[in-house]
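Novice: Here's a structure for you.
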Amino acid sequence: MFRFENVYQEPLEDLNFTINQKDKVILFGPSGAGKSTLLFLLNRLSDPERGQIYYEGEPIQNHPIIDLRKKVGLVLQAPNLFPGTVLDNIKYGPSLVGNWKNSEGKKLLEYVQLPSSYLERDVDQLSGGEKQRVSLARTLANSPEVLLLDEPTSALDYRTAEEIEEVLKELIEEHQLTMLMVTHNLSQARRLGDRGLFLKDGRLQEDGKIPDMLDHPKTSQLAEFIEQ
Ligand SMILES: Nc1ncnc2c1ncn2[C@@H]1O[C@H](COP(=O)(O)OP(=O)(O)OP(=O)(O)O)[C@@H](O)[C@H]1O
Ligand SMILES: [Mg+2]
């Protein structure tokens, strides 16, 4: 699905790896390792200084950027909704390409387990967890193939985080999505991931199966990171 060839982008150095369809990848490592930087390369929020990224066999920059960002959806730690109602937010993407039907709204809220009455609510009046559900619904409105998640639950309290995690798990299963998620929570990594990429000092130190790589780290860097 994605292939990185000798990709350099501060602070990332010389990344070479492949992401396959339906991989559930956890990106983890110390703060400043370049996790968000790597995620943003995948929907061209940034482009590498050197090297080449391929998406579906084509150089990533050959895909029209609107198409790419629909197929490769991003959800951030802090829900980035704009002022207005829930409906305003979730129909925005599809409306741009004249592809919105009002019946979609109810379905999208069902995906993220919110009642359809929320469509008319002002986003300012929602709780943090509800906002994160709406962010997710907005990304799903574009029918993505890939979901990029940058610490999607780390701004939420424990209980709300677990609920969102459950929603994510079901969605990824139901829509057969490819997922790349950044998380600092290794229990969450075990629940949601089947593959791990451990980044440190801008380098991919380990690429392995979850939970194996967490139970039996091959490098001292990963072993130390897990112990902390
Ligand atoms: N364009 C840039 N030029 C130079 N340095 C940059 C640039 N963009 C980011 N950095 C630096 O690269 C490092 C990695 O940033 P990044 O946000 O990817 O880390 P991260 O692994 O996501 O960390 P965190 O866990 O704190 O979110 C940071 O130290 C940041 O200051
Ligand atoms: Mg980050």
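Novice: Quick check on my filter: what residues within region 97-122 are over 23 Å from Ile172 (Cβ atoms), part of a helix (DSSP H, G or I), of a type outside the set (D, E, K, R) and touching a residue at least 24 places away in the same chain (Cβ under 8 Å)?
Specialist: Result: Leu119, single match.
Novice: A further question follows. Residue under question is Leu38, and the condition is that it be away from ligand 2 (no atom under 16 Å from the Cβ), modelled with pLDDT of 95 or more, part of a helix (DSSP H, G or I) and under 17 Å from the mean Cα position of the chain (by Cα); does it hold?
Specialist: Spelling it out, it is not the case that Leu38 is away from ligand 2 (no atom under 16 Å from the Cβ), modelled with pLDDT of 95 or more, part of a helix (DSSP H, G or I) and under 17 Å from the mean Cα position of the chain (by Cα).
Novice: Just to be sure, is Leu87 of a type outside the set (Ser, Thr, Tyr), in a helix (DSSP H, G or I) and closer than 16 Å to Val167 by Cβ?
Specialist: Criteria not met by Leu87.
Novice: Looking only at residues that are open to solvent by 70 Å² or more (accessible area, probe 1.4 Å) and at pLDDT below 90 in region 79-96, which one is nearest to Leu68 (Cα to Cα)?
Specialist: In this case the residue turns out to be Leu96.
Novice: For region 1-46, which residues satisfy the criterion of being in contact with a Pro (Cβ under 8 Å, 6 or more places away or on another chain) and surrounded by fewer than 16 Cβ atoms within 10 Å (Cβ to Cβ)?
Specialist: Scanning region 1-46 gives Tyr8, Gly32.
Novice: Would you point out the residue of region 47-75, among those that are within 20 Å of Met179 (Cβ to Cβ) and assigned to a helix (DSSP H, G or I), that is most open to solvent (accessible area, probe 1.4 Å)?
Specialist: The qualifying residue most open to solvent (accessible area, probe 1.4 Å) is Arg69.
Novice: Looking at this structure, is Ser117 among the hydroxyl-bearing types (Ser, Thr, Tyr), open to solvent by 70 Å² or more (accessible area, probe 1.4 Å) and farther than 20 Å from Arg69 by Cα?
Specialist: So Ser117 passes the test.
Residue-wise test of (1) hydroxyl-bearing (Ser, Thr, Tyr); (2) open to solvent by 50 Å² or more (accessible area, probe 1.4 Å).
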residue: Lys107; (1), (2): no, yes
residue: Glu110; (1), (2): no, yes
residue: Asp122; (1), (2): no, yes
residue: Ser135; (1), (2): yes, no
residue: Ala141; (1), (2): no, no
residue: Pro144; (1), (2): no, no
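Novice: Let me ask you something else. Residues being touching a strand residue (DSSP E or B) at 6+ places or on another chain (Cβ under 9 Å) and open to solvent by 70 Å² or more (accessible area, probe 1.4 Å): count how many of those fall in region 155-189.
Specialist: Here the count works out to 1.
Yes or no, residue by residue, for (1) over 30 Å from Leu126 (Cα atoms); (2) without any contact (Cβ under 8 Å) to a residue 12 or more places away in the chain; (3) within 11 Å of ligand 1 (Cβ to nearest atom):
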residue	(1), (2), (3)
Asn20	yes, no, no
Phe28	no, no, yes
Asn43	no, no, no
Pro94	no, no, no
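The values are calculated or read from the model by the stated rules, or taken from the named source; none is laboratory data. Keep in mind that this is a model prediction, so the values were computed, not measured. As a convention, Cβ positions derive from the backbone with ideal geometry for all residues, glycine included, and neighbour counts pool all protein chains shown. These accessible areas exclude ligands, DNA and RNA; they are computed on the full protein's heavy atoms, side chains included. Shrake-Rupley method; radii C 1.70, N 1.55, O 1.52, S 1.80 Å.
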